[in-house]
Amino acid sequence: MGAMEIGVMSSPRADGGNEFELVAKYGLRVTQFSIWNPARLTPEYAAKVKADAAATGVRIAAIWAGYSGPAKWNFIEGPATLGLVPPEYRAQRVQELKRAADFAAWCGVPAIISHCGFVPENPGDPLYAPTVAATREVAQHCLERGISFWFETGQETPVTLLRVIEDVALPNLGVNLDTANLILYGKANPLDALDVIGIYVRNLHAKDGLYPTNGRQLGKEVPIGKGKVNFRKIIARLHELGFTGDIIIEREIKGPQQVKDIQKAIRYLRRIIDRTLASKQGETKC
Ligand code: MG
C-alpha cells in the first residue's frame, strides 16, 4: 500500500476458484474488482470475495460496478444505452449501483466506480438535471455506507464531468481516470484533463489507445506504450498533484496476449513510477 501501487483489473471467475489468484500470479497486490451482473451482489458472494482477497493478500481498491440493460460502446447507440443518462434504464440502474455500494461495504472496499454515460455538454439539456439527481442518489447512498463514488472517465468531456461533480456536491466524489478512454472517445488528452479534474483523481485505469478515425466507432485500444497516452507526463503530473492512489492496469482483450501485454505494462509503468518517485519535485516537471 502507498503511493502509486500498480495493480490489475479482476472480475468474477466462472469456475468458483479464488477470484484474486490471477492478480497474485502477476506479483501484484491490488485490484479493482469488476462486477457487471447485479445478481452477484449478495452478502454470501461478498463473504467469498473478502475471504479470497485475504487468502491471496490482495487489496481491493474499488468495486467497478456495471448495470443491467443494453450497453453499446459506440457513438451512435452509446448515448441512449450507457449509464444513468437514458431515462428508461435510470431508476433500475440507480438501485443496482446502490446495491453495488452495499456490496462494497460488505467487502470492506472503500469505493465503487461506474460510467455515468454520455452526460450532455449542455447543462440545459433535459437529460442533464435528472442524471445529476440520479448520480447524487447513488453517491448519497455510498456516503451513508462510508464509501466513495468515483466517476469512470470517457463518455463526457472533463469540464462536463467537473460540472457534474460540482452539481452533485457531495464530499465522497472522485474520479477514476481511465487514461485511454478520453482518447478512445475523442473527448480530451488525459494529460491536459488533469488541469480540469486532476484534484479529483483517486485511482487510475492504466490503458492506452488511439483517437477515433470515424464518427461512429471509438478509437482502438492498444497495449500500454503503443498509443497516444504519455504515461511519463501523466504520472509526473499526478505526483505533483499529490496523487497517492493505485494505478490499475486494464487491457480489454482476452487470452494469452492479454497476459503478455499486462506483464509488459507492469514493467513499463514500474520504471516510470520509480523514476518519478525518485526525482525531486522540480525535476518531475516536463
Ligand atoms: Mg476503464
- Task: Determine if the range 218-231 includes at least one residue that is buried (at least 18 other Cβ atoms within 10 Å of the Cβ), out of contact with any helix residue (DSSP H, G or I) (no Cβ under 9 Å at 6 or more places or on another chain) and charged (D, E, K, R).
- Result: no
- Query: Looking at T179, is it within 24 Å of T244 (Cβ to Cβ) and crowded, with 19+ Cβ neighbours inside 10 Å?
  - Reply: yes
- Name, by its number, the condition in (1) of a type in the set (G, A, S); (2) within 23 Å of I197 (Cα to Cα); (3) surrounded by fewer than 24 Cβ atoms within 10 Å (Cβ to Cβ) that does not hold for A91. (2)
- Query: If the Cβ limit is 8 Å and pairs must be 6+ apart or interchain, which residue in the range 194-218 that is in contact (Cβ under 8 Å) with a residue 12 or more places away in the chain pairs with which residue that is within 12 Å of the ligand (Cβ to nearest atom) and of a type in the set (K, R)?
  - Reply: K207/R251
- Query: If you take just the helices (runs of 4 or more DSSP H) that sit entirely in the range 146-222, which of them hold at least 1 residues that are more than 16 Å from the ligand (Cβ to nearest atom)?
  - Reply: 158-168, 190-197
- Item | Qualifying positions in the range 64-88 - loosely packed, with under 15 Cβ neighbours inside 10 Å and over 24 Å from S11 (Cβ atoms) | I76, P87, E88
- Residues of the range 111-131 satisfying the condition of being surrounded by fewer than 21 Cβ atoms within 10 Å (Cβ to Cβ) and either without any contact (Cβ under 8 Å) to a residue 12 or more places away in the chain or closer than 17 Å to G174 by Cβ (or both): N122, G124, D125, P126, Y128, A129
- Of all residues in the range 1-23, which are of a type in the set (A, V, I, L, M) and surrounded by fewer than 17 Cβ atoms within 10 Å (Cβ to Cβ)? M1, A3, A14
- Enumeration of residues in the range 50-60 that are assigned to a loop (DSSP other than H, G, I, E, B) and surrounded by 14 or more Cβ atoms within 10 Å (Cβ to Cβ): V58
- Message: Kindly evaluate E144 against the criterion of being closer than 24 Å to C107 by Cα and without any contact (Cβ under 8 Å) to a residue 24 or more places away in the chain.
- Response: yes
- Note on the structure: Per the filter on the range 233-245, residues surrounded by fewer than 16 Cβ atoms within 10 Å (Cβ to Cβ) and either within 15 Å of the ligand (Cβ to nearest atom) or not in a loop (DSSP other than H, G, I, E, B) (or both) are E240
- Within the range 61-96, tally of residues that are assigned to a helix (DSSP H, G or I) and within 16 Å of the ligand (Cβ to nearest atom): 1
- Query: If you scan the range 246-261, which residues turn out to be surrounded by 13 or more Cβ atoms within 10 Å (Cβ to Cβ) and away from the ligand (no atom under 14 Å from the Cβ)?
  - Reply: Q258, V259, D261
- Is it fair to say D102 is under 30 Å from I273 (Cβ atoms), of a type in the set (D, E, K, R) and in a helix (DSSP H, G or I)? no
- Taking the stated definitions as given, is F103 crowded, with 20+ Cβ neighbours inside 10 Å, within 16 Å of the ligand (Cβ to nearest atom) and of a type in the set (A, V, I, L, M, F, W, C)? no
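Bear in mind that the values in this text are calculations on the coordinates, not laboratory data. On a predicted model such as this, the values are computed, not experimentally measured, just so you know. Here the Cβ is made from the backbone with ideal geometry for all residues, glycine too, and neighbour counts use every protein chain on show.
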